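The values are calculated or read from the model by the stated rules, or taken from the named source; none is laboratory data. Since this is a predicted model, take the numbers as computed values, not measurements. Cβ sites come from the backbone with ideal geometry, for glycine too, and all protein chains shown count toward neighbours.
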Amino acid sequence: MPRASLKRSDSITDLRFTLRRVFGKDSFRPLQEEVITAAIAGHDVFLCAATSFGKSLCYQLPAVVSLGVTVVISPLLALMHNQVQSAQELGIIVESINGKTPWAEKVRIETDLLCGHPATKLLYVTPELCATDHFRKLIVQIHRQGQLVRIAVDEAHCISEWGHDFRPTYKELKWLKSTLNCPAVPVMAVTATATSQVRDDIFSFLGLDDQTTKSFATSTSRPNIHYEVQYFSESNPENGENDMLPYLMNRLEFMHQRRLARLESLLQDDPVAAVAPISGIIYVPLRSTADWLASKLTGAEMRAQPYHAGLEDEKRKQTQTTFLRYATADPRLLPIKDGRSLMASFNIICATTAFGMGIDVPTIRFVIHYGLPRGMESFTQESGRAGRDDKAASSIIFYTREDKERCEFRARSDANREKSKAKREARMQSLKSIVEFCENTHICRHDLVSRYFGDKAGLADCYFACDVCKEGSIQLKKRKERGLATETEAFEFTQREPVTQYDWD
Ligand SMILES: Nc1ncnc2c1ncn2[C@@H]1O[C@H](COP(=O)(O)OP(=O)(O)OP(=O)(O)O)[C@@H](O)[C@H]1O
């Protein structure tokens, strides 16, 4: 029997009222209300929903309307920091404890948690903290006092060796169900990227029962994202260059012209009109490429910043803050000298995978993979940073066979060092799938994403939101052959086809 949460209020009217009053949202997105109702009724819940579905709301809203503390386990400090900050801005009493929390702060939070009627509604912690004796005792004590209302495991795919971003300490979370069992504390596991193997691992390691857990799933693919692959020949052995950078510059110039046209038309009616910069992320495989590409773009007078694990924490934070500011502020309030300049047109981050999971900036209009993504899951997570405001956005992979071979070589040598068979196979399978995704010219790309994750919700809707459906497979095949052609073959093609115009440009 599920244990109904320590109740304060759970009528549908109250949930909608809280959604508006606390979270400032007009209505639930499809399925959110069902997930939230199941959680409040005290069920264990598994939610596998597309990036930007609004999974955080599914544990935050129940936390706000329930009496007691909801513990959220989150894998990344940056992600945790963003969520805590946004919840605090909404006026929710939220705390986080991790390896960087100062001692006095820890004491203050723990004192509240153990006071018998804690003010804290949400407590964010890392899986590493959950593995410590001290934290386990703390949680058991809160539970004994009847104040532990729910445990939410965010990015739950990290528990599985079959998933990407596997975190060994996630596996240790099995103690939650075995220890906090009298009465049982409901668990909610959420993720955007779970294949059936990963789902089975999540259930098994978290001790979720197949019969009683309420499972919810949406299609993994995102209908508002236009998926596209651009093909390039191998690099010139003399200078190591290929035509990726010129193509990128062309494409950005094209977007710039479109933005200018919009601005000019607005200026006709309103002399102080302004148009926001176009925000985008360009994922690159190496830190040095992130620095190099950002400097190429800034050299061409665009606003671009590198982001990778080699930069100081403070620098990364600053980069993220500036990016967010230019992505979300009223364009009339931004310190932009000339609204028609290239600088005014762009707000770009050139990042390695260090910038990814959980980043929630609503207005990102494009995500470009300047090289092959690590696998299908990484691609889905990273491209899922685009279009989180539900408006049209684009995901483009820049693909070369040379890069494919390099990635396969690297994956094979990593696999030789890897002891876990599951991890070895998962890595190779995921890479194989992203290569097939790129090489494919005849199956809708939304379908491919959906098939990879074995979506039960049915194959994804596309409505011409991918190059296969938009260009048609014959044209796309020709474009691919021309793009991948070697120097000699390319001689036959005097010029690359003009850039196709997309809605998001
Ligand atoms: N009902 C809603 N109405 C409008 N916006 C919503 C609603 N629910 C969530 N959102 C917004 O959607 C955005 C994405 O939410 P969230 O970060 O929880 O996504 P997610 O499902 O965890 O995605 P990811 O897996 O990519 O991290 C947030 O900006 C959130 O405020």
Filter result for ASP133 (assigned by the TED database to the domain that holds PHE205 and in contact (Cβ under 8 Å) with a residue 12 or more places away in the chain): no
Residues (more than 16 Å from the ligand (Cβ to nearest atom), part of a helix (DSSP H, G or I) and among the β-branched types (Val, Ile, Thr)) located in region 172-219: THR179
Of all residues in region 417-433 being crowded, with 20+ Cβ neighbours inside 10 Å and touching a Lys or Arg at 6+ places or on another chain (Cβ under 8 Å), the one that is farthest from LEU372 (Cα to Cα): SER430
Number of the condition not met by LEU324 [criteria: (1) more than 16 Å from the ligand (Cβ to nearest atom); (2) part of a helix (DSSP H, G or I); (3) modelled with pLDDT of 90 or more; (4) not small (Gly, Ala, Ser)]: (1)
The lone exception for LEU57 - which of (1) within 13 Å of the ligand (Cβ to nearest atom); (2) buried (at least 23 other Cβ atoms within 10 Å of the Cβ) it fails: (2)
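Residues to consider are ARG29, ARG16; find the one that is part of a loop (DSSP other than H, G, I, E, B) and modelled with pLDDT under 95.
None of the other options fit; the residue is ARG29.
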Matching entry among ILE151, ILE142 (being buried (at least 21 other Cβ atoms within 10 Å of the Cβ), at negative phi and in a helix (DSSP H, G or I)): ILE142
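Before we move on, is LEU266 more than 22 Å from ALA50 (Cα to Cα) and surrounded by fewer than 17 Cβ atoms within 10 Å (Cβ to Cβ)?
Taking the combined requirement at face value, the residue satisfies it.
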Complete set of residues in region 333-365 that are touching a helix residue (DSSP H, G or I) at 6+ places or on another chain (Cβ under 8 Å) and outside any loop (DSSP other than H, G, I, E, B): LEU342, SER345, PHE346, ASN347, ILE348, ILE349, CYS350, ALA351, ILE364
Scope region 148-172; condition closer than 18 Å to SER96 by Cβ and not aromatic (Phe, Trp, Tyr); matching residues: LEU148, VAL149, ARG150, ILE151, ALA152, VAL153, ASP154, GLU155, CYS158, ARG167, THR169
Subset of region 287-330 (residues that are in contact with a helix residue (DSSP H, G or I) (Cβ under 6 Å, 6 or more places away or on another chain) and surrounded by fewer than 17 Cβ atoms within 10 Å (Cβ to Cβ)): GLU301, GLY310
Options ALA87, ALA78: the member that is at pLDDT below 95, in a helix (DSSP H, G or I) and within 16 Å of the ligand (Cβ to nearest atom): ALA78
Members of region 334-393 that are over 24 Å from TYR231 (Cβ atoms), buried (at least 24 other Cβ atoms within 10 Å of the Cβ) and of a type outside the set (A, V, I, L, M, F, W, C): SER345, ASN347
Selection status of PRO373, in a loop (DSSP other than H, G, I, E, B), under 18 Å from ALA411 (Cα atoms) and in contact with a Ser or Thr (Cβ under 9 Å, 6 or more places away or on another chain): yes
Pairs, first without any contact (Cβ under 8 Å) to a residue 60 or more places away in the chain in region 363-389, second near the ligand (Cβ under 10 Å from one of its atoms), C-beta under 6 Å, six or more apart: ASP389/PRO362
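Quick one: would you say VAL22 is within 14 Å of the ligand (Cβ to nearest atom), at pLDDT 95 or above, closer than 26 Å to GLN211 by Cβ and among the β-branched types (Val, Ile, Thr)?
No, not satisfied.
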Some residue of region 400-423 being under 18 Å from the mean Cα position of the chain (by Cα) and polar (S, T, N, Q): no
Of the criteria (1) in contact (Cβ under 8 Å) with a residue 40 or more places away in the chain; (2) away from the ligand (no atom under 13 Å from the Cβ); (3) outside any strand (DSSP E or B), which one THR37 fails: (1)
